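Reviewing the structure listed below.
The values are calculated or read from the model by the stated rules, or taken from the named source; none is laboratory data. Computed from a predicted structure; not experimentally measured. Methodologically, a virtual Cβ is constructed for each residue, glycine included, from the backbone with ideal geometry; neighbour enumeration extends over all protein chains shown.
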Amino acid sequence: MEKAAKDAFNINFKLNEGETLKGFDLKLLGTGELSLNTNITKPTSIMSLFGRPTVNISTEAATFLPADTPLDIALVLDRTGSMAGANISGLISASDDFISQLEREGRDIRISVVPFADYVNVGTDKASAAWLDMPSASGTGSDVTCTMESASSSSCLSSTPPTGTSGTSGTSGTSTSTSTTSTTTTSSSSSSGCTTTTTTTSSGGTSSTTTTSSCTPTGGWGDVSRTSLGGYCTLSATPQEDSGGLVEECVPAIVTENWFGCVGSRSAPNNAVAEYDGEKIPPIFDRTCGQPIMELTDKYDDVRSHIATLTASGGTYIPSGLQWGWRTLMANSPLEPKKTKNREKLLILMTDGQNTRSQEGATHTGNDYAAADRFTLELCDAIKGSEIELATVAYSNGGGNSADADLLSACATKAELHFSANDPKALLDAFSAAADQTGETRLLR
């Protein structure tokens, strides 16, 4: 607390030339009152002629700590392709430590989790919700298992990509037969980015033929491709969403059903409104979009387990995460009603990149990034206007951070709620500092 007080003091009070800070006395009383007494020595001008070159000025400030105020936190977490590998493992580690920290503090805190990329998954259990514009004839999938696969081994990439796309695969096989000849031949052929090599060797009346086929990506995969198992696959082609050669492969338990929880956006101006208000939200069919959101809960082990299953794929559409993070903190629909009266509310937006998608109709497949940025700011203002503190974190675990710092800073409620984190420890510190700054602080004297 003393470090935080000194940081706040240094931000709000600048010493002039010749001034020195002589006293900094911070006290916390059992009542929760926090007081600060400071003493500054200032040089004099006229008084120095009479033997008083300096004068001491003391002042006191006091406030109550808001730590006992119940708090709801929405963790809006980037799970785009560029989060694959060290970024997402660092996020999982930092989140686990953050939750353990909250447990130790014992404060009444509920947490929601909103993983986002270009879309958000609201969960297939919402298929019959009144606020979802679900056609009556549509089916819904369930029990979708998603894993990050090597591009050279994924069954998705060994299937036929859709029109205008390309993929990678690797296969090999060996056959043996009896032969009276003794020859060795090798042949290679290339087609559609793939090379097939066939080697036939015969010796002692036995012939062995080995065929090896390998393909390399040419950068044309769309966001979603059907797999040979009837599932769905995502592989981002744009450099910013590069997932490091990994592919997210999602296979549903029932492959004939085709809605896996992804939702798009309503038309303006309803896309900037959190409430349902009778304007239904469009589902997005035939694609997966990661783990579903987790609504507010005080069951921290469930939150840990949910974040631990995060996978990384897809492009970045920040408004998608903001919309649903906002909705998890609301008292009313579209999500389950919840008691939020007399509770502080905090939305933490964490991202490693900037908008690479924009809204196009109900989908997020456009490429007007400037429009996406403008809408991001519009949503941030609307969220802050609904008595929600908004913290932003630009995150990258040891790599280059491509997040738009200006955009994120403008989104945050105040400068002290915008953070930059380049490792899991810094990310934990950002989460903790954001939670610590919630609540209205008023000076007592």
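To keep it simple, each residue is scored yes or no on (1) buried (at least 22 other Cβ atoms within 10 Å of the Cβ); (2) in contact with an Asp or Glu (Cβ under 7 Å, 6 or more places away or on another chain).
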| residue | (1), (2) |
| --- | --- |
| S305 | no, no |
| A308 | no, no |
| W326 | yes, no |
| R343 | no, yes |
| L349 | yes, no |
| D368 | no, no |
| E378 | no, no |
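Determine which single condition E103 fails, assuming it passes every other condition in (1) in contact with a helix residue (DSSP H, G or I) (Cβ under 7 Å, 6 or more places away or on another chain); (2) under 18 Å from M350 (Cβ atoms).
The failed condition is (2).
One line per residue, one yes/no per condition, for (1) of a type in the set (D, E); (2) outside the structural domain of L379 (by TED's automatic domain parsing); (3) farther than 24 Å from L408 by Cβ:
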| position | (1), (2), (3) |
| --- | --- |
| L246 | no, yes, yes |
| N258 | no, no, yes |
| S265 | no, no, no |
| G290 | no, no, no |
| R304 | no, no, yes |
| A312 | no, no, no |
| T316 | no, no, no |
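Within the group A394, A415, A403, which residue is surrounded by fewer than 20 Cβ atoms within 10 Å (Cβ to Cβ) and among the aliphatic types (A, V, I, L, M)?
A415
Residues that are among the small types (G, A, S) and closer than 22 Å to G90 by Cβ: which strands (runs of 3 or more DSSP E) entirely in segment 354-410 hold 1 or more of them?
389-395
Report, by residue number, each residue of segment 135-146 that is buried (at least 20 other Cβ atoms within 10 Å of the Cβ) and of a type in the set (A, V, I, L, M).
Within segment 135-146, V144 is the sole residue that qualifies.
Quick one: count up the residues across segment 357-372 that are farther than 14 Å from Y119 by Cβ and small (G, A, S).
Of the residues in segment 357-372, 2 are farther than 14 Å from Y119 by Cβ and small (G, A, S).
If you go through segment 334-351 one residue at a time, how many are over 13 Å from L322 (Cβ atoms) and either assigned to a loop (DSSP other than H, G, I, E, B) or touching a Leu at 6+ places or on another chain (Cβ under 6 Å) (or both)?
Qualifying residue count for the region: 12.
Hey, which of the strands (runs of 3 or more DSSP E) in segment 23-108, taking only ones fully inside, have at least 1 residues that are among the hydroxyl-bearing types (S, T, Y)?
The qualifying strands (runs of 3 or more DSSP E) are 33-43, 54-64.
Of all residues in segment 330-353, which are closer than 21 Å to A94 by Cβ and not β-branched (V, I, T)?
If the condition is that a residue be closer than 21 Å to A94 by Cβ and not β-branched (V, I, T), then L346, L347, L349, M350, D352, G353 are the ones that fit.
Name every residue in segment 389-416 that is among the hydrophobic types (A, V, I, L, M, F, W, C) and modelled with pLDDT of 95 or more, in order of residue number.
L390, A391, V393, A394, L407, L408, A410, C411, A412
How about segment 77-124: which of its residues are among the acidic types (D, E) and buried (at least 24 other Cβ atoms within 10 Å of the Cβ)?
Within segment 77-124, D78, D118 qualify.
Looking only at segment 265-301, count how many residues are assigned to a helix (DSSP H, G or I), surrounded by 13 or more Cβ atoms within 10 Å (Cβ to Cβ) and either of a type in the set (S, T, Y) or without any contact (Cβ under 8 Å) to a residue 40 or more places away in the chain (or both).
Result for segment 265-301: 2.
So S95 passes all but one of these: (1) within 25 Å of A415 (Cα to Cα); (2) without any contact (Cβ under 8 Å) to a residue 24 or more places away in the chain; (3) among the hydroxyl-bearing types (S, T, Y). Which condition number does it fail?
(2)
Of the numbered conditions (1) surrounded by fewer than 18 Cβ atoms within 10 Å (Cβ to Cβ); (2) over 28 Å from G244 (Cα atoms), A74 fails exactly one; give the number of that condition.
Unmet condition: (1).
Out of the residues in segment 29-49 that are of a type in the set (A, V, I, L, M, F, W, C), at pLDDT below 85 and under 23 Å from R445 (Cβ atoms), which is surrounded by the most Cβ atoms within 10 Å (Cβ to Cβ)?
L34
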